[in-house]
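The values are calculated or read from the model by the stated rules, or taken from the named source; none is laboratory data. All values reported here derive from a predicted model rather than from experimental measurement. Note that we place each Cβ from the backbone using ideal geometry, even for glycine, and neighbour counts take in every protein chain shown. Accessible surface areas use protein heavy atoms only, side chains included; no ligands, DNA or RNA. Shrake-Rupley method; radii C 1.70, N 1.55, O 1.52, S 1.80 Å.
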Amino acid sequence: MKNLIRIPLIMAISVLCCRSGRAQEFYRGEMFVTGQQFSLADGRLNIDLSVDFEGLRMPSDESLTVTPVLISGENEQALPAVLINGTEKQKVYQRQQEFTGNGHPSPIPAVVIRNDARMARSFRYRVAVPYQEWMKDALLLIRSQECACHGRQGSIYEDKIADRLNLPKVRTSVWDTDTDRKYLTWVNFIEPAPDKDTLHAVTGSIPYFGKEQRDKRERPLGELSVTKQNFEIYHRMRNALQDIHREAGTKLVKVKITGYGAPVGNLQKNEVDALVRSLKLKDYLRENRLTAGTPLEVTWISEDWDSIAALVKQSDMMFREATLDLIGNVDIDKGRERMLMHLADGKPYKYLAEKIFPEVMRVDYRIEYTRQPLDAAESLRLFRTGERRALRLNEFFTVAGSYPQGSTEYNDVLDLAARLFPDSPEANINAAAVALTKGETAKARRYLERFATLPMAYNNMGILCLQEGNRDKAEVYLTMAAAAGVKQADKALKELKRQAGN
């Protein structure tokens, strides 16, 4: 199923049997937990449930949100939710996803499943959350909330799945003692600075006589009437603008179009024609609302001698140096073109007219726009739809924050950010923090080593040194981190000194 992500849930190929041999029913007896396992590893509580909803009776235009919850006394932690949509409700949900920020349930579900009789009606729920002491006595219940569809209030059902988690007695850390294990909670994550509304630019060129157009069997711009040229330029520009608008959060700032002509005919006539040409094009683009209120600048260069000189320098034409000498030293209004026509019986000028002038004639454009930071809902939508390279570093951190800190999803998002932003200190330090919480010291060192001299990395370098058994070096880093205001470093230092006193 395309809309079902692998983390934290994946569709089960087969349904596991629960250890006791008896399934736990919930939501009016229509759904069952057929298998449940709990374990501790690297300071995280791992929860693995197999859920069967073959008996779910739900209209196709309704939905059900299923949320596992851990409760012990006053402590409560809701785990990532699962949204089950009827077939018609799923169509509405997918349409809503196409609009920025609209239609997202609150809270946003970790996974969306379609309740379709033609598909497997079971799933595997896997999630990892930072372990806390109260969880060892916690009970697990499932909170099922119906949608508020058709003007009625959705009912909420709570069903107990497990009285206690019955955690196996295993080491939860690579550390040697229970006291040392506390250090894993003192790894710190760096939140990147807020993204700025920065200016970007896209440039392009539309040739008058181009091989590319010939290959596509299109008539070159130079063979069209002025009206058809305007039409063609409009469509090329519109396509370029649409590509920019497809990137979320963009806002146009300015569009600049410059036409370039060649020295064919009378100079004065060319200059008048260039002025008229630019005005007609600008009027045409405004009438067709190309930029819809964004500043539009259209200019025309009647004879582009700068480009002519550059192309001549790159060519192997005869009398190239003499041609460049005339272009560089004779003014346009002092007979430059006439002297080129008489140079070497006109052979250089013939080359210019056939090879160089057609290359010069073109329309260049520059589109300036800003890319505004995305909100949490849009960042999460792009991440889940696979458009992750469209996200900035800060938006990756926003996506990670939508999951419980230390969960598999949280860790995976931060690790991916470091791979997509390999030169970012924040991304690498956060990925190292993830590796440290999992006891992966070699991986943590690869992420941290390049940035070890930065104050923002001191605390995690200290924890890394502790995991590697180098307490003296760890104390140096933690002392520097504490001086930089990192609270986790203060706690770690106090514990180090307490152990030293004992």
Checked the stretch 199-371 with the C-alpha gyration tensor, a ≥ b ≥ c its square-rooted eigenvalues, rounded below a/c of 1.5, otherwise prolate if a/b is larger than b/c and oblate if not; verdict prolate
Output for the stretch 382-453: GluC sites (Glu not before Pro) sitting in coil per DSSP, at most 16 other Cβ within 10 Å, listed by number, reads 387
Subtracting the Cα-Cα distance of residue 344 and residue 250 from 0.36 nm times their residue separation yields 28.4 nm
Between the residues 261, 250, 229, the Cα farthest towards the positive end of the dipole of the stretch 199-371, that dipole coming from +1 and -1 charges on the beta-carbon of Lys, Arg, Asp and Glu, is from 250
Magnitude of the Cβ-charge dipole (Lys and Arg +1, Asp and Glu -1) of the stretch 199-371 about the Cα centre, nearest 20 debye, reported as 660
Check: C-alpha center the stretch 39-69 vs C-alpha center the stretch 454-502, spacing in Å is 40
When the charge dipole of the stretch 199-371 is computed with +1 on Lys and Arg Cβ and -1 on Asp and Glu Cβ about the Cα centre, the Cα farthest towards its positive end, among 322, 310, 203, belongs to 203
Lys and Arg at +1, Asp and Glu at -1: neighbours of residue 134 with Cβ under 11 Å from its Cβ sum to -3
Measuring from its Cα centre, the stretch 374-425 shows a charge dipole (+1 at each Lys and Arg Cβ, -1 at each Asp and Glu Cβ) which, in debye to the nearest 20, is 120
From most to least accessible, 1.4 Å probe, no ligand or DNA/RNA atoms counted, 313, 256 line up as 313, 256
Around residue 28 (Cβ within 13 Å, Cβ-to-Cβ, excluding residue 28; K/R +1, D/E -1) the net charge comes to -4
Rounded to whole angstrom, the alpha-carbon centroid of the stretch 126-148 lies from that of the stretch 246-266 at a distance of 57
With every protein chain kept in place and a 1.4 Å probe, the stretch 199-371 has an accessible area per residue in Å² of 58
Net charge (Lys, Arg +1; Asp, Glu -1) of residues whose beta-carbon lies under 14 Å from that of residue 301, residue 301 excluded, is -4
